[in-house]
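This report refers to the structure that appears directly beneath it.
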Amino acid sequence: MPRYLSQHTLACLTRQGAEELARRVHAAKQVTARRVLVNMQEGKMLVEFDAPGREEIEKWFAAEKFHFDWLLRIEFETSDGTLKAIT
């Protein structure tokens, strides 16, 4: 399944608010959250998703009223220096 990385701005959220938002992301059924990374100091959140396609993830964001700054499909990854396709 395609993998995506999204960035979100957390305007004035507390740690508890960010945690609740992360729970919402992990509870999604149309897309699957792999990881949620949060920087409270800069007010940013990165989310790694598996989703059938970009359209489906954008529809999920819209239905959840979850604004995103950018959305990027990840094609390759590496853990040892060798690029491997994400399928």
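Measuring nothing but how far apart in sequence close Cα pairs (under 8 Å, 6+ apart) lie, relative to its length, the chain scores a relative contact order of 40 percent. Residues Trp60, Trp70 in ascending order of nearby Cβ atoms (within 10 Å, fewest first): Trp70, Trp60. With an a/c value of 1.5 or above and a/b not larger than b/c for the gyration tensor axes a ≥ b ≥ c computed over the alpha-carbon atoms, the chain is described as oblate.
Taking 0.36 nm per residue of separation and subtracting the current Cα-Cα distance, fully stretching the chain between Glu77 and Arg54 would add 6.4 nm. Placing unit charges on the Cβ atoms only, positive for Lys and Arg and negative for Asp and Glu, gives the chain a dipole magnitude near 200 debye about its Cα centre. Were the residues from Arg34 through Glu20 laid out at 0.36 nm apart, the gain over their Cα-Cα distance would be 3.4 nm.
Whats the longest run of the chain with zero trypsin sites (Lys or Arg not before Pro) that are DSSP loop and have at most 15 other Cβ atoms within 10 Å? Of all site-free stretches, the longest is 30-64.
Quick note: the coordinates plus some simple rules give every number you see, no bench work behind them. What you are looking at is a predicted structure, and each value in this text was computed from that prediction instead of being measured. Heads up, the Cβs are rebuilt from the backbone with ideal geometry, glycines too, and the neighbour counts pull from every protein chain shown.
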